[in-house]
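See structure below.
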Amino acid sequence: MRIEEHPILDFKRGKKIKFTFNGQEAEGYEGETIAAALHAAGVKVLGKSLFLHRPRGFYCAIGNCSSCLMVVDGVPNVKTCVTDLQEGMEVETQVGKGVII
Amino acid sequence: MREADLVVVGGGPAGLCAAISAASSGANVLVIERNKKLGGQLVKQTHMFFGSEKQYASTRGIDITDILLNELKKYNNQVEIMTDTTVVGMFEDGVITALHKEDKYFKIKPKATVIATGAFEKSLAFPNNDLPGIYGAGAVQTLMNVYGVKPGDKVLMVGAGNIGLIVSYQLMQAGVEVVAILDAASKIGGYLVHASKIRRMGVPILTSHTVKEAIGKDCVEKVIVCKVDDKFKQIEGSEIEFDVDVMCVSVGLTPLNELLAMRGCEMKYIPQLSGSVPVRDENYETTVENVFAAGDATGVEEASAAMVEGYLAGICASAKIGYKPDNFEERKQDYVKQLSDLRSGPVGQHILSGIEQIVVK
Amino acid sequence: MFEKTGIPSKEMVMEKFPTIDRINQGPVVVVECYKEIPCNPCQTACKFDAIYIGEDINSIPKVKNENCSGCAICLSKCPGLAIMVIDGSKSDETVQIRIPYELLPLPKEGDVVKGLSREGEHITNVKILKVLNPKSFDRTPVITFEVDRNYMYDIRNIKMEVQS
């Protein structure tokens, strides 16, 4: 769900980037965050809560609320709303606290 | 350990203006910003700003960042900017510790500091308020105006303050349907020109309404809204259902005050300023000597006021550490007057009643 | 009610309109700014001293109808998009109205589109006469449309659903 035409803004998207989400191939653009790329691909559930395993999406999108934490390239608790997408990234839904490697 | 005359924490409207006025006074300035880009929340404000010419009225927020950065460029030799850098500690001995990217940790001891950390969005309590698809209104603004991604197809906006009204309008500009705007208050809190603008596009504004419950399995699918009485108690039988895939929560911001509190500044909870804010003097210096604050961190207001506060705090901080321009008094009085002009209306009265409680002479 | 719904009452709207004689003389602004807010770009934008706010930027703009040329420069400068221009000098049956319009798609000259009231209700159809979007308007285009005089006090917006 990307905005193609906008009355005020002109979106100059960077080059296409391939990454994986839970093992599935996905695409985004250079210069956007992991959460933005996932949202554009229709993914809203980024993780599961600590105890009740309720679905978690982002909330503040400025790196403040920690609702968007995911496992990225094996590293848990990455704030995906402020972390730029990179070629070949392996992004996974985080369940609970995550395991520190 | 690194050294600088002045460290400005936060590269949003207040921080950039503080850096400009301090550098123009002759101080060496280091601006530390946790984001990769400067401008803070200006980068998603596609609407024209209010205020007067001096606060860039009628200019879109997205363009004000460039204006400020161009101004800052004039002082290239004196200003260092570190983005992707988070201040993680401020200590009694004046040492500031910061983390650049993921791995470069450094210490700096400036002569003075301006803390312009801004604010963040509040949440609202109701059953299932943690469902994905329920986002802060500012978050949705970032998603669509910075990254060009639609938050969904149908949005319910909660909160008829300026942010709620402006983001509703911007959603429509992005081609997203806004089914309604609701607010528990009996009156619209934002500027009525914004309300009229969105109303004549056919979006109903439901005052005295609140969210009873959100429903959905993995994401929000439906929101049940109901009326509230004058004591904000929910009225049984007044429920309305909205089938939406996004709900925006715009129930105000609260100052990001952690660094101020950590540094030992005396803090006070002031509802009119939307949270716990530092006690300060009229120069925006806190109770800790040479630690200044500006912008939303000192109380949530419009960005126009944040910019003027930044200019004022920047010039006062640099004067305090020995860089006092010849026209100091004149410039200071100009900033003070601009702030009093911005706050002299009915909306400003509320802010002023809060400021009265934190300013020590 | 205005503060609960965002819809100004008929009386409030009529107070902002100039007399019918003035409207029939030629284009003139209607500044629908009802509540004091710190804002004065309309005054700054006007080259003809037709909009006055004064020292206190919170004051409600006052319009000097005799000074207004109907140039519409203020339309794209008002951050609240609260100003329109009305011109009754062109026809006895219709008036021409100019509004700022920041949505896509933009209408084209000759399009017939829905005319909306201040509540956003479809009250009549209007014909688009002109679409101006120069750089100086900074992405706030100004649309001129023609509408039946019966709706001149009620119409305030358009919706693009072209009916040719």
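Rule-based calculations on the coordinates, nothing more; no lab input. Quick caveat, the model's predicted, so the values are computed rather than measured. So basically every Cβ, Gly included, is an ideal-geometry build from the backbone, and we count neighbours across all protein chains shown.
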**Residue-span extension gain [B:PHE91 to B:LYS231] - 0.36 nm each, minus C-alpha spacing** = 46.0 nm
**Prompt:** Taking R0 as 30 Å, what's the FRET efficiency between C:GLU109 and C:MET14 from their Cβ-Cβ distance, rounded to 0.05?
**Reply:** 0.45
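Return the subset of A:LYS48/B:LYS217; B:LYS150/B:LYS212; B:LYS197/C:LYS4; C:LYS35/C:LYS62; B:LYS111/B:LYS320; B:LYS154/C:LYS114 for which the Cα-Cα distance in this structure is over 20 Å, preserving the input order. Mind dumping the intermediate values first?
Numbers: A:LYS48/B:LYS217 13 Å; B:LYS150/B:LYS212 26 Å; B:LYS197/C:LYS4 14 Å; C:LYS35/C:LYS62 12 Å; B:LYS111/B:LYS320 9 Å; B:LYS154/C:LYS114 22 Å.
Check vs 20 Å cut-off fails for B:LYS150/B:LYS212; B:LYS154/C:LYS114.
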**Message:** Give the separation of the Cα centroids, region B:157-190 to region B:199-236, in Å.
**Reply:** 12 Å
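Per residue of C:150-158, how many C-beta atoms from partner chains lie within 10 Å of its own C-beta, taken as a mean? Spell out each step's value before the answer.
Values: counts 0, 0, 0, 0, 0, 1, 4, 6, 1.
For this peptide, the per-residue mean of nearby foreign Cβ atoms is 1.
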**Request:** Just grab the label-to-label distance for B:ASP66 and B:SER276, each label 7 Å out from Cα along the Cβ direction, in nm (one decimal).
**Result:** 4.1 nm
**Computed P(r) (all Cα pairs; region C:17-164; 5 Å bins; percent)** = 2, 10, 19, 22, 21, 15, 8, 2, 0, 0
**Complete:** Binned at 10 Å from zero, the C-alpha pair distances of region A:16-100 give percents of 21, 57, 21, 1
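Dividing the alpha-carbon radius of gyration of chain B by 2.2 N^0.38 Å (N being the number of residues), what value is obtained? Numbers along the way, then the final one.
Numbers: Rg = 21.1 Å, N = 361, 2.2 N^0.38 = 20.6 Å.
Against the compact-globule rule of thumb, the ratio is 1.02.
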**Message:** Counting other C-beta atoms within 10 Å, and keeping those with at most 11, which DSSP coil GluC sites (Glu not before Pro) do you find in region C:1-56?
**Reply:** C:GLU55
**Request:** Return the distance in nm (one decimal) between the two label points of a simple spin-label model at C:VAL131 and B:GLU239, each offset 7 Å from Cα along Cα→Cβ.
**Result:** 4.5 nm
**Item:** For region B:129-176: relative contact order, % (alpha-carbon pairs under 8 angstrom, 6 or more apart)
**Value:** 39 percent
**Prompt:** Name the trypsin sites (Lys or Arg not before Pro) in region A:1-100 that are in a loop by DSSP and that have at most 14 other C-beta atoms within 10 Å, would you?
**Reply:** A:LYS12, A:ARG13, A:LYS15, A:LYS97
**Asked** In percent, what relative contact order does region B:1-124 have, based on Cα pairs under 8 Å that are 6 or more apart in sequence?
**Response** 34 percent
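For the protein assembly as shown, what is the mean residue ellipticity at 222 nm derived from helices alone (per DSSP H run of n ≥ 4: -39500 (n - 2.57); sum divided by total residues; nearest 500 deg cm²/dmol)?
Roughly -5500 deg cm²/dmol at 222 nm, from the helical runs in the protein assembly as shown.
Sorted by packing (mean other beta-carbon atoms within 10 Å per residue), highest first, where do B:332-343, B:180-191 land?
Details: B:332-343: 18.2, B:180-191: 21.5.
Per-residue mean Cβ counts within 10 Å order the peptides as B:180-191, B:332-343.
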**Request:** Provide the gained length on full extension for the span B:LYS154 to B:THR287, in nm with one decimal, where the gain is 0.36 nm per separating residue minus the Cα-Cα distance.
**Result:** 43.1 nm
**Request:** Give a residue-ordered list of calculated ³J(HN,Hα) values for region B:290-298 (Karplus: 6.51 cos²θ - 1.76 cosθ + 1.60, θ = phi - 60°; whole Hz; x for Gly, Pro).
**Result:** 6, 10, 10, 9, 7, x, 4, 4, 9
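If I take R0 = 56 Å and measure r between the Cβ atoms of B:ASN128 and B:ASP334 in this structure, what FRET efficiency does the formula 1/(1 + (r/R0)^6) give, to the nearest 0.05? Provide the component values of the computation, followed by the final result.
Numbers: r = 50 Å, r/R0 = 0.90.
That gives a FRET efficiency of 0.65.
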**Request:** Summarise the partner chain shielding of C:44-51 as one whole number: the mean count of Cβ atoms from other chains within 10 Å of each residue's Cβ.
**Result:** 1
**Message:** Given bins 10 angstrom wide, list per bin the percent of all Cα-Cα distances in the protein assembly as shown, short to long.
**Reply:** 3, 16, 25, 26, 19, 9, 2, 0
**Request:** Can you tell me the relative contact order of region B:123-249? Whole percent, Cα pairs under 8 Å, sequence separation 6 or more.
**Result:** 31 percent
**Message:** Place a point 7 Å from Cα of C:GLU119 in the direction of its Cβ. Which residues in region B:207-248 have their backbone N less than 16 Å from it?
**Reply:** B:207
**Asked** In peptide A:70-82, how many Cβ atoms from other protein chains are near each Cβ within 10 Å, on average?
**Response** 1
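With +1 on each Lys and Arg Cβ and -1 on each Asp and Glu Cβ, and nothing else charged, work out how big the dipole of the protein assembly as shown is about its Cα centre, in Debye to the nearest 20. All intermediate terms of the calculation are to be shown ahead of the outcome.
Values: 70 positive and 79 negative charges, 60 e Å.
So the magnitude is around 280 debye.
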